[in-house]
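Chemist: One structure follows; several queries about it will come next.
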Amino acid sequence: MSEQLALRFAAGTKERIRALAGDGESMTSVLLRGIAALEGQGAIDGTEPEQPHNDRLAVIEQRLDVLEAGLAPADDGVAGYPLIVKEGAVRMQATGKAPAEIRKAIEQACGRSPDPKHLARTLRRWASQTTI
């Protein structure tokens, strides 16, 4: 059963959420996608100390800024590219970003990026693997 929630946002947030929405995507869907991405960034075993409410809000705002740029930060030590990075790169390509800009964003998130000669093929493969 679904439940209705009322949320209050700071000025400008509604426009930021709309800017993140894909074609036909609701603002609620954008928020749920952001929450899912944030859940994947936290401690998986619950060993991190709990942060005060204000610190968590600052972290969420920082992560939202990164998501708006197209990519979320990658976890270190991951052999392949994290799914959120793949989705961000595919989203950047779909919005017409230049290949050099996509590679730069991937490198900022992961510390490395696909070879320029193979970027188009890599993005096609990633597009088939993601559910954007």
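The values are calculated or read from the model by the stated rules, or taken from the named source; none is laboratory data. On a predicted model such as this, the values are computed, not experimentally measured, just so you know. Using ideal geometry, Cβ is built from the backbone for each residue, glycine included, and neighbour counts are taken over all protein chains shown. Remember, those area values only see protein heavy atoms, side chains included, never the ligands or the DNA or RNA. Shrake-Rupley method; radii C 1.70, N 1.55, O 1.52, S 1.80 Å.
Chemist: Taking only pairs six or more apart or across chains, which ones have beta-carbon atoms under 6 Å, a first residue in segment 1-23 that is of a type outside the set (Lys, Arg), and a second residue that is modelled with pLDDT of 80 or more and open to solvent by less than 70 Å² (accessible area, probe 1.4 Å)?
Modeler: ILE17/MET27; ILE17/VAL30; LEU20/VAL30; ALA21/VAL30
Chemist: Within segment 1-82, which helices (runs of 4 or more DSSP H) (wholly inside it) include 3 or more residues that are modelled with pLDDT of 80 or more?
Modeler: 13-20, 27-39
Chemist: Taking segment 89-131 only, how many residues are outside any helix (DSSP H, G or I), of a type in the set (S, T, N, Q) and crowded, with 18+ Cβ neighbours inside 10 Å?
Modeler: 1
Chemist: So which residues in segment 95-132 are free of Cβ contacts under 8 Å to residues at least 60 places away in the same chain and of a type in the set (A, V, I, L, M)?
Modeler: Across segment 95-132, the qualifying residues are ALA98, ALA100, ILE102, ALA105, ILE106, ALA109, LEU119, ALA120, LEU123, ALA127.
Chemist: Condition test on ALA109, is it within 22 Å of ALA37 (Cα to Cα) and touching a Pro at 6+ places or on another chain (Cβ under 6 Å)?
Modeler: yes
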